[in-house]
1. Kindly indicate whether Asp83 is touching a strand residue (DSSP E or B) at 6+ places or on another chain (Cβ under 9 Å), over 16 Å from Ser144 (Cα atoms), buried (at least 18 other Cβ atoms within 10 Å of the Cβ) and modelled with pLDDT of 95 or more.
2. In the range 70-85, how many residues are under 21 Å from Arg183 (Cα atoms), under 17 Å from the mean Cα position of the chain (by Cα) and not β-branched (Val, Ile, Thr)?
3. Can you confirm whether Gly92 is closer than 24 Å to Val187 by Cβ, surrounded by 14 or more Cβ atoms within 10 Å (Cβ to Cβ) and in contact with a Phe, Trp or Tyr (Cβ under 7 Å, 6 or more places away or on another chain)?
4. Among the residues in the range 16-25, are any among the small types (Gly, Ala, Ser), free of Cβ contacts under 8 Å to residues at least 40 places away in the same chain and surrounded by 24 or more Cβ atoms within 10 Å (Cβ to Cβ)?
5. Collect the residues in the range 142-160 that are surrounded by fewer than 18 Cβ atoms within 10 Å (Cβ to Cβ) and either touching a residue at least 12 places away in the same chain (Cβ under 8 Å) or not small (Gly, Ala, Ser) (or both), keeping them in residue-number order.
6. One residue is enough: does the range 227-236 have a residue meeting the conditions at pLDDT below 95, farther than 24 Å from Val11 by Cβ, surrounded by fewer than 21 Cβ atoms within 10 Å (Cβ to Cβ) and of a type in the set (D, E, K, R)?
7. Would you confirm, using the coordinates I've provided, whether Asp61 is farther than 20 Å from Leu5 by Cβ, more than 18 Å from the chain's Cα centre (by Cα), among the acidic types (Asp, Glu) and modelled with pLDDT of 95 or more?
Amino acid sequence: MGARLDGTVAVVTGASSGIGEATARALAGEGAHVALLARRRERLEALAGELGDGSSVHEVDVADAEAVARAIADVVARHGRLDVLVNNAGYGSMTPATGSALSEWRTMVDVNVNGVLGTTHAALDHLRRAATGERGIADVVTVSSVAGRKVSGPAVNVYAATKHAVGAFSEALRQELGTDHVRVGLVEPGLVRSELTEGQGAAQQAEAEQELGLMEPSDIADAIVYMVTRPRRTAVNEILVRPTEQAR
């Protein structure tokens, strides 16, 4: 018996590290050809070397909608289809609004919101077409955050706003595309070991690990794979995943 995603093609943004890297590995493990999108080519090439000939490398900044559209077109030209899109690329700057740089706010909007919009827009027609094929289903999964459900403190201000935005977009897209058999899912992680948490500083990370624990990127990849491997009749629209001891 083959893997559950044999013959499919998946695009993962932010694939050079963390959740994106773990998701690419997990999807490839289920038989998918995985297109790796991120800015850091060296890391993508190293990952592609692990995944084998079915993977491809696309050096792109998701905030550049034209570059993303070209990358998606390249994927479809190479493989002839696109079955799964994982919008994972993200950027976070957790500082109080007073004294924050406006450029940081704009970067969060450009990556977390406009990046999701641009990538999804470029992929939609291909996903709808794939859903008419033998498998009969296609998937869009966006990695959001617990902050997309609840503002847990003042420092998450713009980050939380971007995650609320993609949640609303995903829900509207779900309502629109269900009859086309394109499933739309949202995964909302709590604290995960990543460059974002590591960027908070060693002391803060050590405190978070001691008090709450940190999930591993593979924990979130598992949730994504669960979503996209359900039977055609079943759509999992949201998965909220927290460390066991994380209260909010």
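The values are calculated or read from the model by the stated rules, or taken from the named source; none is laboratory data. Every value quoted in this text rests on a predicted model; they were computed, and no experiment measured them. All Cβ positions, even for glycine, are placed from backbone atoms using ideal geometry, and neighbour counts span all protein chains on display.
1. Here the answer is yes, as Asp83 does meet what is asked.
2. 3
3. Here the answer is yes, as Gly92 does meet what is asked.
4. yes
5. Within the range 142-160, Arg149, Lys150, Val151, Ser152, Pro154, Ala155 meet the criteria.
6. Taking every residue of the range 227-236 in turn, none turns out to be at pLDDT below 95, farther than 24 Å from Val11 by Cβ, surrounded by fewer than 21 Cβ atoms within 10 Å (Cβ to Cβ) and of a type in the set (D, E, K, R).
7. no
Here is a yes/no grid of residues against (1) among the aliphatic types (A, V, I, L, M); (2) at pLDDT below 95; (3) at positive phi:
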position	(1), (2), (3)
Ala131	yes, no, no
Val143	yes, no, no
Gly148	no, no, no
Val151	yes, yes, no
Pro154	no, yes, no
Ala161	yes, no, no
His181	no, no, yes
